[in-house]
Amino acid sequence: MQNYPQHTSINMPSFGQNVINTVPVSSPPPPPPKDFVLWSLFNFVLCNPFCLGFCALSYSIKSRDRIIAQDLTGASSYGRTAKILNIVALCLGLLVTIISIVLVFLYLPLYYVQP
C-alpha cells in the first residue's frame, strides 16, 4: 500500500496585509539613587562646620552600601539625608568663610594704625 503525502495547510496572510509580531519590551531598570560621595568628601575636607561634612560622608557611604545591596529605598533615604547635610555644611562653610574675610578686612587696618 502506498502512503500518499497528507494534505497540509499553511496559514499565510493574504497579499497586501501587514502582520506585525510584537514582542513585549521590558522597560530598563530605574537608575540607582545618587549617593553624593564626592560632594560629601569635599565638605568633609574643606567645609566641615559642626562635623556636618563627616556626617554627610557617613550617610553617603551608607547610601552606596545600600545601592550595592539592591535596597533602593534605603539608598534613596540615606542619599537624601546626605544631600541635606551637604547643603547645610556648604552654606555654613561659605557663610563662615565670607564673614571671616570681611572681619579680616575690617579689623586688619586697626592693627597698623600709626599713633
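The values are calculated or read from the model by the stated rules, or taken from the named source; none is laboratory data. In this text the structure is predicted, and so the values were computed from the model without any measurement. We place every Cβ from the backbone using ideal geometry, glycine too, and count neighbours over all the protein chains shown. For accessibility, only protein heavy atoms count, side chains too; no ligands or nucleic acids. Shrake-Rupley method; radii C 1.70, N 1.55, O 1.52, S 1.80 Å.
What the table shows:
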quantity	calculated
Cα extents of segment 37-115 along the three principal axes, largest first (Å)	70, 16, 15
Highest-first arrangement of 27-35, 75-83, where packing means the average Cβ count within 10 Å	75-83, 27-35
Heavy-atom accessible surface of segment 36-115: percent carbon and sulfur, 1.4 Å	74 percent
Cα→Cβ-extended label distance, 7 Å offset, between LEU110 and ILE98, nm	2.2 nm
